Amino acid sequence: MAAAEEVDVVVLGMGPGGESVAGELAAAGLSVVGVEARLVGGECPYYGCVPSKMMIRAGNVVAEALRVPGLAGTVQLTPDFSKVAGRIRSEATDNWDDAVAAKRFTDKGGRLVRGTGRLTGSLEVTVSTSDDGDLIFRARLAVVVNPGTNPTIPSVPGLEGTPFWTNREAVQAESAPKSLAVLGGGPIAVELAQAFTRFGTKVTMVLRGSSLLSRSEPEAGELLAQVFRSEGIKILHNKEVTGVVQSRGRFRLALADSSSGKAPGDGARGSGVSQLSAEKFLVATGRTARLSPLNLAAAGVEWDGSVAPAVDPHMQLTDGVYLIGDAAGEGAFTHMSMYQGNIVAGHILARHAQQQGDSQPPDRGATESHAVPNVTFTDPEVGSVGLTEKQARDAGLSIRVGLTKLDASTRGWIHKSGNQGFIKIIEDTQTGVLVGATSAGPSGGEVLSALVLAVHARIPVATLKTMIYAYPTFHRAIPEALAALK
């Protein structure tokens, strides 16, 4: 067995949060080992946030051009997916090469180890590498666990072994397929479905339940369904994929009614749709945390194998062992991972200063999760923060709800084509502050920022009503939603 090497910190998983923690601690002079089996930077810059938003941006330009006749004249348009595919390769991913990100870390003084790590003691990590066998590192200060997630693949007869897509394969596409079946109705599913549609792909979405974006406000799913149907996307509600056959360059899906209930609209129960054929098949049914291979028990961490293990306000699983990112269960968002990483880095630096007898750095506080923002980058964008109406009621809160439509606002009327949207706010009547909000519409994610501040800082609704909102902007719908509280 290899001898253990002592270092200050080991970071298992160099996704956005892990890279941020490892880089900051290395730059501060600590000896830091970053362990990564895939790409430094994680899912976001190579298979998630960045390339998908490039696709969405390109598709939105196509859609905006098609709105010219209603606003400004005539247009001739030939969408070309190769433009965005080339941009993803050259500008975003370096053809899925992480050399730049790896150098960014090592230039700060960190050591990058390519391999798969697992805990083998309270502050001990063993890394299996393809070249050097097992390397053992014993951390003096901390081990930061940032395992991330993998696409969840449902157990469907015939699916395994076929060239189906997840988000990873979809963003590597060099051309838009003629037809695409999408299993799922969450953020990844709706974003990619709309992006490919705008490059001429005939898209059919298969939903096990009754609505798109089922974890968001129901108005958001209804809005997207309306827009998607107008763009030619077919939505099959309450359907299960019971079998998959792939041959001669096509997927054939067997469908059956699910047990999730009945919904009106395309493909509800009774629609008679029992099979579906498409050139490509995108599986977008959620994400699964990569916690099992980490051997958390070796560090004394209890985990039931399902829900995220408990952490303290500084993201510690146990003394000196931290968990950040998607697997921590507070939202699978890059911004959440980096937020947690910032607090963890501060906590480790304070621990180091205490051991050295130095003055401690400023306290970065503890994590708070009552105002986690998220944006689904469809057109219209759907941004939300805090609790939905249902979550607030299920939590036993006494609430008032305010909702206003964007297309009825002055800016919506001016905007005309593509002006669909709404703002919905949830007020806790006991405290007089907002506990949740949704902003859907053109630049919905940008308009959300004001609502995030309101929820995060617990600004009284009475104060929000006295603010001055610029005219004519989309965010001017916020006071209209405040006035509609009831």
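For this structure, a couple of remarks:
- Residue list for region 348-377, restricted to those being of a type in the set (Lys, Arg) and touching a strand residue (DSSP E or B) at 6+ places or on another chain (Cβ under 7 Å): Arg351
- For region 378-398, the set of residues classified as without any contact (Cβ under 8 Å) to a residue 60 or more places away in the chain and crowded, with 19+ Cβ neighbours inside 10 Å consists of Leu387, Ala392, listed by residue number.
- Residue satisfying all of: in region 315-353; under 14 Å from the mean Cα position of the chain (by Cα), outside any helix (DSSP H, G or I) and among the hydrophobic types (A, V, I, L, M, F, W, C); modelled with the lowest pLDDT among these: Ala332
- Here Gly185, Gly243, Gly209 are screened, and the one residue that is closer than 20 Å to Ser274 by Cα, buried (at least 24 other Cβ atoms within 10 Å of the Cβ) and not assigned by TED's automatic domain parsing to the domain that holds Phe333 is Gly185.
- Of all the listed residues (Val62, Val50, Val84, Val75), the sole one being over 23 Å from Thr376 (Cβ atoms), not assigned by TED's automatic domain parsing to the domain that holds His335 and not in a strand (DSSP E or B) is Val75.
- Residue check, Gly70 under 22 Å from Gly418 (Cα atoms), of a type outside the set (Ser, Thr, Tyr), at pLDDT below 95 and outside any loop (DSSP other than H, G, I, E, B): yes
- Residues satisfying the stated conditions in region 5-25, i.e. touching a Phe, Trp or Tyr at 6+ places or on another chain (Cβ under 7 Å) and either more than 26 Å from Pro187 (Cα to Cα) or in a strand (DSSP E or B) (or both): Glu5, Val7, Val10, Ala22, Gly23
- Hits in region 53-79 (condition: touching a helix residue (DSSP H, G or I) at 6+ places or on another chain (Cβ under 6 Å) and either within 12 Å of Gly200 (Cβ to Cβ) or surrounded by 15 or more Cβ atoms within 10 Å (Cβ to Cβ) (or both)): Met54, Met55, Ile56, Ala58, Gly59, Leu77, Pro79
- Some residue of region 104-114 being surrounded by 15 or more Cβ atoms within 10 Å (Cβ to Cβ), within 20 Å of Asn295 (Cβ to Cβ) and without any contact (Cβ under 8 Å) to a residue 24 or more places away in the chain: no
- Counted residues, region 402-436 - those being closer than 14 Å to Ala484 by Cα and outside any loop (DSSP other than H, G, I, E, B): 11
- Against the list (1) within 30 Å of Glu6 (Cα to Cα); (2) surrounded by fewer than 24 Cβ atoms within 10 Å (Cβ to Cβ); (3) among the aliphatic types (A, V, I, L, M), the condition Val145 fails is (2).
- As for region 91-107, it holds no residue that is in contact with a helix residue (DSSP H, G or I) (Cβ under 8 Å, 6 or more places away or on another chain), at pLDDT below 95 and over 26 Å from Leu282 (Cα atoms).
The values are calculated or read from the model by the stated rules, or taken from the named source; none is laboratory data. What you see is a predicted model, and the numbers here were worked out from it, not measured in a lab. Neighbour counts run over all protein chains shown; Cβ positions are idealised from the backbone, glycine included.
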